[in-house]
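Participant: Okay, handing you the structure first.
Any read-out appearing in this document is the output of simple, stated calculations on the displayed coordinates, not a laboratory observation. Treat the numbers as computed from the prediction; the structure is a model and nothing was measured. Glycine also receives a Cβ, built like all others from the backbone with ideal geometry; neighbour counts cover every protein chain displayed.
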Amino acid sequence: MQCPKCKSDKIDKRNYAKKTTATVGAGAGAVGGWLAAGAGATAGAETGAVVGAIGGPVGVAAGAVVGTIAGAIMGALAGGAAGAFAGSKAGELIDEHVLDNNVCLACGYSFSS
């Protein structure tokens, strides 16, 4: 790829939309994953309670709490990863087809592919 203005081959990609939409997608996915982690949190609480049963009633309660928190955190992490991936792909399309994503490092000219 060459700069259409100065013909330099020192070209870089800005990827502004990709970076922005990946960040927004990760945040939205994490919140959605946290909120939708009810099933994961419930399963985690049940597992924690079973494992905690070895320690008696206090172990059951502690295991349930830890399991609930772990389930919610796992939901947030999974949602954040999925959101970042989806956002990144959407931003990539915007960068390539809408924005002047390429910049010449020699003269500073911005252009699209």
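Participant: Could you order the peptides 15-23, 99-107 from most to least packed, using the average number of other C-beta atoms within 10 Å per residue?
Facilitator: Peptide ranking by packing, descending: 15-23, 99-107.
Participant: Give the aspartates and glutamates whose C-alpha is closer than 19 Å to that of K18, dropping any in the same chain fewer than 8 places away, or say none.
Facilitator: Within reach: E92, D95, E96, D100.
Participant: Suppose R0 equals 35 Å; then what is the FRET efficiency for L35 and Y109 from their Cβ-Cβ distance, rounded to the nearest 0.05?
Facilitator: 0.20
Participant: So between H97 and T23, what do we pick up on full extension, going 0.36 nm a residue minus the alpha carbon distance?
Facilitator: Gain in length upon complete extension: 24.6 nm.
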